[in-house]
1. Work out the mean other chain Cβ neighbour count within 10 Å for the residues of B:141-151 and drop it here as an integer.
2. Among the helices of chain A (complete DSSP H runs), which have Cα atoms covering no less than 30 Å along the helix axis and a Kyte-Doolittle mean of at least 0.0?
3. Output the peptides A:160-168, A:5-13 sorted from most to least packed, where packing is the average of other Cβ atoms within 10 Å over each peptide's residues.
4. Quick one: of the DSSP bridges fully inside chain B, what percent are antiparallel, nearest 5?
5. By the scheme Lys and Arg +1, Asp and Glu -1, what is the net charge of all other residues having a beta-carbon under 12 Å from that of residue B:188?
6. Using Cβ counts within 10 Å as a stand-in for footprinting exposure, how do A:136, A:181 rank, fewest first?
7. Across peptide A:54-65, how many C-beta atoms of other chains are within 10 Å of each residue C-beta, on average?
8. How far is the Cα center of the range B:161-218 from the Cα center of the range B:232-246, in Å?
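We did not get these values from a lab; they are worked out from the coordinates using the rules stated. For clarity, every value in this text was computed on a predicted model and none was experimentally measured. All Cβ positions, even for glycine, are placed from backbone atoms using ideal geometry, and neighbour counts span all protein chains on display.
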Amino acid sequence: MTRYILGRFAQALGVLWAAYTVTFAVLYLLPSDPVALQLGAAGIETDKLSPAELHTAKARHGLDRPVLEQYFSDLWGFLHGDLGESIAKQKPVTALLGERLGPTLTLTVTAGVLALLGGTALAYLASYVRWRPARMFLTRLPSFGASFPQFFIGLLLIQFLSFNLGVLPATGTYGWKALVMPAITIAILAASQLAQVLMRSFDDTLGQPYVATARAKGLSRAAVQWHHGFRNALLPAVTILGVLIGLTVTSAIVAETVFSRNGIGKLAQEAVLAQDVPVVLAIVTLAAAIFVFVNLVVDLLYPLLDPRIVHGQRKAVA
Amino acid sequence: MTRRVSRRGIAATALAVTAALGLTACGSSDGEGGTAAAGGEPVAGGTLKIAFWSDNPSFTCVDPFQTYWIEHRTVIRNVADSLTDQDPETGEIKPWLAERWEISPDGREYTFHLRDGVTFSDGTPLDAAAVKANFDGAQAVVKETGGSAYGASYILGLDHTEVVDPSTVKVVFSAPNSSFLQASSTTNLAIISPDSYQKTSKERCLGQYLGSGPFTLESYKPNELTTLQKRPGYAWGSALSENTGEAHLDTVEFSYVAEDSVRTGNLVSGAIDIAWPRNPFTVEDRELITRSDGVLESRPLPGVSAAFYPNTTAGRPLADVNVRRALYKAFDLPTFAKTIFGPDYPVVAGAFDSTTPFFAPQSDRLRHDPPGAAKLLDDAGWKLGEDGYRFKDGRKLTLVLPITAQSVFGTELIQDQFKQVGIELRLEVITGAELPAVLRNGSYDLTSSYFTRADPGALQFLLDPDYANSKALATNASAPETTAEIKGLFAQARETTDDAQREEAYAELQSLLIEQGVVFPWFERVQFAGLSKSVHGFAFTSESFLKLNDVWKQ
């Protein structure tokens, strides 16, 4: 088991390195460079500057060095916790992440919990209810939620809760009131996707022979569903948990823009627009790290949920 | 006016109301809506909440000299004062921190006599040495950034600054630059404390500087919240403000809301006092604001209007001046303004917006005249083909217009108008990152640009290849002879300090630009503001930024 975890850890490092390197390469290959873009945003094209002047402008951000030198020195800094300085925001990237991480974590965790509760409850209910029309309605609901654009959901919520009823602020980064609507916006999509998977796996599980056996023993429908169905149906849902975490991160970009929340999602969007290399690199690597970590946790959870799955048994198989 | 509009039921059609209100607002800049309607004595105190659109994604900066972001120039206007002020009505330069000034006959030396008793918010005096520190600091920034700092164009030709005595400072140029006097009234050359120049240019961008204005910059949280606090003891407002003393408001908060509909909704639902959009309000948003008893203010942003610049290099269709002239006749500007921005929207009338000093409208030559366009094109050898487009030597008359997501304003409508006379306008959607290459390679026929500054000299940074922000755009925009003529007129205006001569040069220039088909005006850039009914004393500066001295809330 230790060996397994160590192996997975090495794998994770490889993934992070690859994410960093690919991002660096992509940013470098784009048709423009950050300094030209920054000047362009001010209406100034680089042909206004003499080569010497352009060099000065680039040297300010360390962009005058050869690419490989930039890559290795940035990577070296990265490994030592120095993420460099943002080109557009005049600040060290670590300081920026420090400011922006809090609001996004609060948002994604809240949205994740809401999605988990909402999606599970919906799926559970859908498989429990026996009245056909209600069941139909409940099973169709997730596809509806999953296909609604998040942007639109956000604007609808703002229209009703902020402008019509005036109970929640339409914009803002801090306080629980500013958290409710963006969290719901993200949770609706995530919950729908979770519910879709869960419903199917409930159907499969409840069709298994051991469920029939349990029913035959005289257990109530509720008891069978809770004790025998739920845990087994959970497995596929846990698998997509990692995907869902990724989803909440990308959803944060939309939600933070609509609700003017100052988080990582909005920072990512701004950094990409400005081709702010150090910031994009840091965010991509951070997101990759979270993704890798969540998937590792999910893998480690499998044996706990289903004893038939055992890690680190490759030798026995061979 | 405002009161009448506020009766929800009376307005027969909300459209008509908006039209009437908008007309007044567009035509005047004296903040009639606010003060006149209230008619009371200003009330002291309170927090004013203003919502801008997003903060600048490419360059986080509130330093006067470095930033070009017009929203932040509004913030700066209220934090830091300038040597002079500019009258929004007449464009005249008026005293502010400088009580008076002299310009040497050769136009190279500007001597400012400073007002006594002015201090920065930390109590240090605003004297000749402080002003020198600012110009020295500005030159240092220009050097540090390889000449790319935004303020560089405002101090073009600056050689050095001399302290004559504690209240007299002399700014010396290596070449005459007549638009410097106007520059001295802008936020870009607002005076900040000498200590501020001990900080790095990046620290100043993040708000680490002090000014002498009616408010102090309490905090700048990029893209989140900018807070201003009233400066106690302020007593040197420019004579152009009604209130030259302490501000009425205690606190001003600027928030950043990316979504237009959310910003307007915030205003209508009372969460903010002023909605300050970058792009003109939609007709629907304007209706929404007036229907909820709000007030609309608007004023065209002075400077170069939103316009297209042609690529006249040989082999391109627009190399032929008659094809360029046909474009004016094909482009129906009044219909465009009405359709895209609303019935009361001003119609652009030249290379400059109407609020620019020395503006000389060219409406006559911009008149829509499809038969005239057809004749010009026929004469130029472009004959109508079967599909309704024109051809010459088997080549279709196609004009390429690269557009970015930010510059789409009604381009499909222009496409349709051009089609009426047989010109195909091909819209090529590109990202901002691709534009420099497109300009450099000359793979376009029309490209758009603008420049906000209340001085016609602003146009030389687009069209004079020696100073232009994009050399390619400037070089391609006209044939070499015309370019030489344009450069000559700019030089003439730059080198004289006599307003009559400047006026003459700029009038000739504006006429030449249309005559030779160098600038294709697109629309007037209008700054809108939506005010809640509790805001009074609203006023635009000469650059259509917001001045808060006179604003109060009740």
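1. Values: counts 0, 1, 2, 4, 7, 16, 9, 13, 3, 4, 0.
Shielding by partners across B:141-151 averages 5.
2. Details: long enough: A:2-29 (40 Å, 1.09); A:93-128 (49 Å, 1.17); A:176-206 (40 Å, 0.98); A:230-258 (38 Å, 1.59); A:277-305 (41 Å, 2.41).
Span-like helices, by this rule, are A:2-29, A:93-128, A:176-206, A:230-258, A:277-305.
3. Numbers: A:160-168: 14.7, A:5-13: 13.0.
Highest to lowest by the protection proxy: A:160-168, A:5-13.
4. Numbers: 57 of 71 bridges.
About 80 percent, rounded to the nearest 5.
5. Working: positive: B:73, B:77, B:453; negative: B:63, B:455, B:543.
Within the 12 Å Cβ shell, the charges total 0.
6. Numbers: A:136 12, A:181 26.
So the residues, fewest neighbours to most, are A:136, A:181.
7. Values: counts 3, 1, 6, 6, 1, 2, 6, 0, 0, 0, 0, 0.
The shielding value for this peptide is 2.
8. When both Cα centres are located, 19 Å separates them.
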